[in-house]
Amino acid sequence: PSENSFSEQWAFKNEGNMPYVYSTNDADIDMEYAWSIETGNAGITVAILDTGVDYTHPDLTNRMWSNLAEIADNGIDDDNNGYIDDVIGYDFAESDNDPQDIHGHGTHIAGVVGADAYNGTGYAGVDWNCKLMALKVVRDNMSSSYSDYADAVVYAADHGAKVINLSLTSYYHSTILEQAFAYANAKGVVIVVAMGNNGDSTTHFMAKSQYSI
């Protein structure tokens, strides 16, 4: 990619000269080898279930999914899906149509997945062409609920997402979330959930998904 900060993305390509004390030579996912085969598909939508997404970010604005059945800012549920003006996604945590991120975590995740690799600035995502559906499931006070997660999973599956990413963890089982996962799986959606940080290999999301990373 032509992005001016790509050399800092040690997780994608690390030749051992990165400015991080924990960085070791070749501790990366060798993205350049993958990009030589495939750089992404604009027909694939990835739903980001998180603290929201800063959809005005220059590395993300061109990557945002759009609900073409909805007319922006007219106060009407044009597509009769139960959500008003859900043009780029929805804020399930606050029950409104603005999934803006004030904490940055969801924006970071969206960037890892699909930051624009064609604008010559910033960073590159894994997928240079996919669309990003912003589904906010964590409130601004950082509280959240399984019911919001489940509603967002169903929304993503019903609106064409091929991948659902939840970089979130929990130690408690949720029947409603597991049912939502099963619903999305039945539609052929790939679900990816977090596995915990700090080297912890225990799966924290106590609802079955296809992949835990």
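The values are calculated or read from the model by the stated rules, or taken from the named source; none is laboratory data. Everything numeric in this text was worked out from a predicted model, so none of it was measured. In this analysis, Cβ positions are derived from the backbone assuming ideal geometry, glycine residues included, and neighbour counts consider all displayed protein chains. We work out accessible area using only protein heavy atoms, side chains counted, and drop any ligands, DNA or RNA first. Shrake-Rupley method; radii C 1.70, N 1.55, O 1.52, S 1.80 Å.
For the range 112-179, the fraction of C-alpha pairs farther apart than 20 angstrom is 42 percent.
Think of it as helices only: each DSSP H run of n ≥ 4 in the chain is worth -39500 (n - 2.57), and spread over all residues that comes to -5500 deg cm²/dmol at 222 nm.
Think of each Lys and Arg Cβ as +1 and each Asp and Glu Cβ as -1; about the Cα centre, that makes the dipole of the range 1-109 roughly 440 debye. In the full protein context, the range 10-147 carries 49 Å² of accessible surface per residue, based on a 1.4 Å probe and ignoring ligands, DNA and RNA. Ranked by the mean number of other Cβ atoms within 10 Å per residue, highest first, peptides 56-62, 119-125 order as 119-125, 56-62.
Among the listed values (i) 162; (ii) 113; (iii) 129, the one matching volume of the Cα convex hull per residue in Å³ as calculated from this structure is (iii). Modelled spin labels at ILE71 and HIS173, positioned 7 Å past Cα toward Cβ, are 4.8 nm from each other.
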